[in-house]
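Q: Sharing a structure, written as structure tokens. Questions coming.
All of the numbers you see were taken from the coordinates with simple rules; none came from a lab. Every value quoted in this text rests on a predicted model; they were computed, and no experiment measured them. Cβ placement follows ideal geometry from the backbone for every residue including glycine, while neighbour counts extend to all protein chains displayed.
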Amino acid sequence: MAINKIQIPFNKPFIIGNELSYITQAVMENSHIAGDGPFTKKCEAWLEKRLGCRKVLLTNSCTAALEMSAMLSDIQPGDEIIMPSYTFVSTANSFVLRGGVPVFVDIRRDTFNINEKMIEKAITPRTKAILPVHYAGVSCEMDIIMDIAKRHKLLVIEDTAQGIMSAYRGCKLGTIGHFGACSFHETKNIISGEGGALLINDKKYFERAEIIREKGTNRSKFFRGKVDKYTWVDIGSSYLPSDIIAAFLYAQMEKADRIIAKRKLIYDLYMKKLQPLAEKNYLKLPYIPDDCSTNGHMFYIITRSLKERKKLSLFLREKGISAVFHYVPLHSSPKGKLYGRTCGKLDVTNMVSSCLLRLPVYYGMTEKDVRIVTDCITDFYKFD
Ligand SMILES: *Cc1c(COP(=O)(O)O)cnc(C)c1O
């Protein structure tokens with residue numbers, strides 16, 4: 001069969017309000033398009049207020065925020081960081097850059113988040129931090145993770161790339177651990193193409209975070225008039241985005257509630273339409289624990305086998321629908337094997353990596369688009 005043109009892509013970037021006029025304003029009125037301009041300040045203030053975070057620094061990406069948190073955690077060669085294998089490369093790579101050793105543990109069968117019951121077994125005298133990843137914007141078991149961290153004097157760095165505005169027992173994700181790393185990549189909920197933020201929840205890191213983000217200089221202090229010249233005082237890099245990026249991002253933040261409401265609508269419709277297939281055990285649907293409120297970041301299904309997932313994604317592709325799988329587990333990747341190690345069996349990780357299929361979710365998607373996708377999936381199982 002001929003492969004049709006994509007009718008319903010997996011993701012589609014969008015403009016929702018003042019993105020373009022704010023970019024013009026940054027250049028023409030503010031005359032400030034380098035980092036830390038007026039729009040960057042607005043984005044940081046918005047995040048601090050809406051997330052309830054003590055300090056936010058805008059960064060070039062979630063990856064940059066994770067690299068900063070590795071420096072702030074003072075990761076030394078050989079230090080271990082406990083994390084899931086079922087995650088994006090940057091979760092591990094940012095720590096490997098400092099000589100850290102990712103220690104991969106399995107994920108829970110229901111949320112596909114790090115299995116908190118497996119964390120303590122992975123702790124050694126070299127363990128420095130725990131890195132929960134809030135998969136699909138659904139929170140990890142943060143109370144248990146924070147308790148383990150406290151008892152073993154470990155840092156907690158939340159990878160909340162997918163979790164903007166989601167919450168766990170009333171706390172926004174990224175504000176529970178010592179650090180949180182957000183992403184505004186075009187595949188996330190609130191976007192600026194590339195973009196991210198570091199959330200810092202302990203005052204003792206505020207000053208060093210500013211220095212690391214400004215190439216290891218005390219430039220921010222200089223601009224506040226706290227020192228009379230600025231100089232090289234620490235390690236660091238260039239982690240601050242252009243104010244053009246922040247201008248685009250701020251326009252999205254102004255409409256954040258609408259964006260999230262739309263994604264949740266799409267999520268709920270998928271749930272409703274696919275329920276009959278789940279009841280017949282053709283596939284499994286996502287699970288959200290009662291303690292978690294979410295942002296509709298992702299909708300996925302779990303097929304019965306890798307073979308069936310391949311057949312289904314090809315079937316959808318032939319109808320012009322793009323559905324994609326997710327992570328190749330890091331413990332099975334060339335560099336994951338070289339730099340990391342595993343603790344315990346990673347059976348759930350391997351299963352999810354073979355059987356999970358992500359369906360299209362984007363702001364511009366209509367209810368009709370969702371129905372086209374769910375009808376196609378229903379057809380697939382009818383004729384299978
Ligand atoms: C998207 C993503 C990242 C990377 O975000 P960037 O902003 O592209 O650096 C990291 N971790 C997870 C879990 C992600 O989904």
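Q: Between residue 74 and residue 328, what length comes free when the chain is fully extended (0.36 nm per residue of separation minus the Cα-Cα distance, one decimal in nm)?
A: 88.6 nm
Q: Provide the net charge surrounding residue 238, with neighbours chosen by a C-beta distance below 15 Å and charges set as Lys +1, Arg +1, Asp -1, Glu -1.
A: Once all neighbours under 15 Å are counted, the net charge is -4.
Q: Applying 1/(1 + (r/R0)^6) with R0 = 35 Å to the Cβ-Cβ distance of residue 204 and residue 14, what FRET efficiency is obtained, to the nearest 0.05?
A: The pair residue 204/residue 14 has a calculated efficiency of 0.35.
Q: A further question on this structure: Specify the residue with the greatest mean-square fluctuation among 244, 157, 372, computed from a Gaussian network of the chain linking alpha-carbon atoms under 10 Å apart.
A: Greatest mean-square fluctuation among the candidates belongs to 372.
Q: How tilted is helix 38-51 with respect to the longest principal axis of the chain? Cα atoms for both, answer in degrees (0 to 90, nearest 10).
A: Result, in degrees: 60.
Q: Here's something else I'd like to know. Under a crude label model (7 Å from the Cα following the beta-carbon direction), how far is residue 285 from residue 54 in nanometres?
A: Between residue 285 and residue 54, the label points sit 4.1 nm apart.
Q: Pick from 65, 149, 247: which is most flexible by mean-square fluctuation in a GNM of the chain where alpha carbon atoms under 10 Å apart are linked?
A: 149
Q: Straight-line reach from residue 345: which lysines have a Cα under 20 Å away, not including same-chain ones fewer than 8 places off?
A: The reachable lysines, counting only those whose Cα sits under 20 Å from residue 345, are 117, 121, 335, 337.
Q: Could you work out how far apart the two model spin labels at residue 338 and residue 31 are, taking each label as a point 7 Å from the Cα in the direction of the beta carbon, and quote it in nm?
A: 4.9
Q: Counting only other residues whose beta carbon sits under 12 Å from that of residue 41, what net charge do I get with K and R as +1, D and E as -1?
A: Every neighbour counted, the sum reads -3.
Q: Which residue, 207, 19, 141, tops the fluctuation ranking in a GNM of the chain built on C-alpha contacts under 10 Å?
A: Of the options given, 207 has the highest mean-square fluctuation.
Q: Could I ask something else about it? With charges set only on the Cβ (+1 for Lys and Arg, -1 for Asp and Glu), what does the dipole of the chain come to about its Cα centre, in debye to the nearest 20?
A: The calculated dipole for the chain is roughly 440 debye.
Q: Related question: Please compute, for the alpha-carbon atoms of the stretch 19-254, the extent along each of the three principal axes and give them in descending order in Å.
A: 56, 37, 27
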